[in-house]
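Heads up, the thing below is written out as structure tokens.
The values are calculated or read from the model by the stated rules, or taken from the named source; none is laboratory data. Keep in mind it's a predicted model, so treat the numbers as computed, not measured. Glycine also receives a Cβ, built like all others from the backbone with ideal geometry; neighbour counts cover every protein chain displayed.
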Amino acid sequence: MTHRSWFPATLPGERVVLRRHVPANLRVFQRWYADPAVVRLTRYQDSPMRPDEIERFFAARALGSDSLAMAIHLRDDDRLIGTCALSQLDADNGSALFHITIGEKDEWGHGYGTEATRLMIDHAFGGLGLHRVALSVFSFNERAVRSYRSVGFVVEGRAREAIWREGRWWDEISMSLLQSDWKARHERQTADAAIGVEEAPAEPTGVATPVEPATRRGAVMAGILGKRR
Ligand SMILES: CC(C)(COP(=O)(O)OP(=O)(O)OC[C@H]1O[C@@H](n2cnc3c(N)ncnc32)[C@H](O)[C@@H]1OP(=O)(O)O)[C@@H](O)C(=O)NCCC(=O)NCCS
């Protein structure tokens with residue numbers, strides 16, 4: 001794979017490490033995206049993906065150059081437990097969409113997905129200089145909504161009754177995080193750490209704290225994506 005500095009080889013965290021995908025990861029994708037429990041939370045269609053669909057999805061979303069996709073590994077034993085990505089990277093508007101799937105069900109609820117999300121968001125704003133990251137999530141996916149909130153995402157809208165699942169309609173929730181929110185949060189955390197205050201549970205207000213003007217024009221990303229055109 002050619003070297004792309006904007007696409008890091010690894011993003012190390014405390015308990016997980018994100019690495020670029022390798023072709024051999026297709027094997028676990030085949031298992032994850034054929035699993036009804038994973039499909040229920042991640043797909044509009046309520047049926048598992050076919051092997052050929054998974055292969056195309058993996059080639060485009062995990063290995064392709066149109067998204068910045070990272071495999072999620074546990075630091076302790078290197079187990080590959082999931083995948084996350086920034087897609088639809090838009091240099092003109094400094095925006096991207098975020099996606100994450102912890103495919104190994106026994107690893108749900110241990111904080112690994114939340115840590116991976118935080119690493120990707122830190123890279124999106126701190127590394128790439130993006131202005132905005134958005135995502136959508138089904139309203140019945142409480143764990144995901146809570147996870148995103150704890151990283152700082154706020155709800156900005158709902159597509160009402162967009163999903164039919166388990167005999168009833170559910171909303172699809174749109175959430176986003178701006179660089180200014182992220183920056184303000186970091187500054188608060190750094191200040192708290194300096195005086196020994198523990199981080200309070202996330203209570204997003206939906207109101208961005210004013211900080212310096214968005215850095216989109218000077219963003220690393222604009223240059224990066226410019227080169228990719
Ligand atoms: C959604 C996902 C990324 C969350 O990552 P995670 O590491 O498993 O989440 P966490 O363990 O940090 O839990 C997040 C929050 O949900 C809560 N939670 C855990 N299990 C829960 C459950 N079964 N129901 C409701 N809330 C739950 C946690 O207590 C935590 O809340 P808190 O921040 O208020 O303490 C991960 O579970 C996943 O990939 N799931 C399958 C695919 C999926 O849903 N993808 C997202 C599609 S939009």
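Within the stretch 54-64, identify whether any single residue is more than 15 Å from the ligand (Cβ to nearest atom), surrounded by 14 or more Cβ atoms within 10 Å (Cβ to Cβ), assigned to a strand (DSSP E or B) and not hydroxyl-bearing (Ser, Thr, Tyr), and answer yes or no. The answer is no, given that none of the residues of the stretch 54-64 is more than 15 Å from the ligand (Cβ to nearest atom), surrounded by 14 or more Cβ atoms within 10 Å (Cβ to Cβ), assigned to a strand (DSSP E or B) and not hydroxyl-bearing (Ser, Thr, Tyr). Name every residue in the stretch 171-187 that is surrounded by fewer than 18 Cβ atoms within 10 Å (Cβ to Cβ) and in contact with an Asp or Glu (Cβ under 8 Å, 6 or more places away or on another chain), in order of residue number. Once the filter is applied, which keeps residues that are surrounded by fewer than 18 Cβ atoms within 10 Å (Cβ to Cβ) and in contact with an Asp or Glu (Cβ under 8 Å, 6 or more places away or on another chain), the stretch 171-187 yields Asp171, Ser174.
Take Arg40 and decide whether it is within 14 Å of the ligand (Cβ to nearest atom), surrounded by fewer than 17 Cβ atoms within 10 Å (Cβ to Cβ) and among the basic types (Lys, Arg). Yes; evaluated as a whole, the condition is true for this residue. Scanning for something within 15 Å of the ligand (Cβ to nearest atom), in contact (Cβ under 8 Å) with a residue 12 or more places away in the chain, in contact with a Ser or Thr (Cβ under 7 Å, 6 or more places away or on another chain) and within 20 Å of Leu178 (Cβ to Cβ), does the stretch 66-81 turn up at least one residue? No, the stretch 66-81 contains no residue that is within 15 Å of the ligand (Cβ to nearest atom), in contact (Cβ under 8 Å) with a residue 12 or more places away in the chain, in contact with a Ser or Thr (Cβ under 7 Å, 6 or more places away or on another chain) and within 20 Å of Leu178 (Cβ to Cβ).
Cβ-Cβ contacts under 6 Å between residues 6 or more apart (or on different chains), taken from a first residue in the stretch 133-146 that is in contact (Cβ under 8 Å) with a residue 40 or more places away in the chain to a second residue that is within 6 Å of the ligand (Cβ to nearest atom) and not in a helix (DSSP H, G or I), are listed as Ala144/Val137.
Counting the residues of the stretch 104-129 that are in contact with a strand residue (DSSP E or B) (Cβ under 6 Å, 6 or more places away or on another chain), surrounded by 22 or more Cβ atoms within 10 Å (Cβ to Cβ) and not in a helix (DSSP H, G or I) gives 0. Only a single criterion out of (1) of a type outside the set (A, V, I, L, M, F, W, C); (2) away from the ligand (no atom under 13 Å from the Cβ); (3) touching an Asp or Glu at 6+ places or on another chain (Cβ under 6 Å) is not satisfied by Ser139, namely (2).
Being surrounded by fewer than 19 Cβ atoms within 10 Å (Cβ to Cβ) and closer than 17 Å to Val28 by Cβ is the filter; apply it to the stretch 65-79 and report the residue that is nearest to the chain's Cα centre (by Cα). Out of the qualifying residues, it is Leu74.
Does Gln30 satisfy being of a type in the set (S, T, N, Q) and part of a helix (DSSP H, G or I)? Here the answer is yes, as Gln30 does meet what is asked. Just one of the listed residues (Arg229, Arg216) is crowded, with 18+ Cβ neighbours inside 10 Å, modelled with pLDDT under 95 and farther than 26 Å from Val17 by Cβ, namely Arg216.
Identify, from the list Ala96, Ala162, the residue that is in a strand (DSSP E or B), out of contact with any Pro (no Cβ under 7 Å at 6 or more places or on another chain) and without any contact (Cβ under 8 Å) to a residue 12 or more places away in the chain.
Working: Ala96 fails: without any contact (Cβ under 8 Å) to a residue 12 or more places away in the chain.
Sole residue among the options that is in a strand (DSSP E or B), out of contact with any Pro (no Cβ under 7 Å at 6 or more places or on another chain) and without any contact (Cβ under 8 Å) to a residue 12 or more places away in the chain: Ala162.
Filtering the stretch 167-185 to residues that are more than 17 Å from the chain's Cα centre (by Cα) and touching a residue at least 12 places away in the same chain (Cβ under 8 Å) leaves Trp170, Asp171, Ser180, Lys183, Ala184, Arg185. Every test in (1) touching a residue at least 60 places away in the same chain (Cβ under 8 Å); (2) more than 16 Å from the ligand (Cβ to nearest atom); (3) touching a Pro at 6+ places or on another chain (Cβ under 9 Å) is passed by Leu89 save one, and that test is (3).
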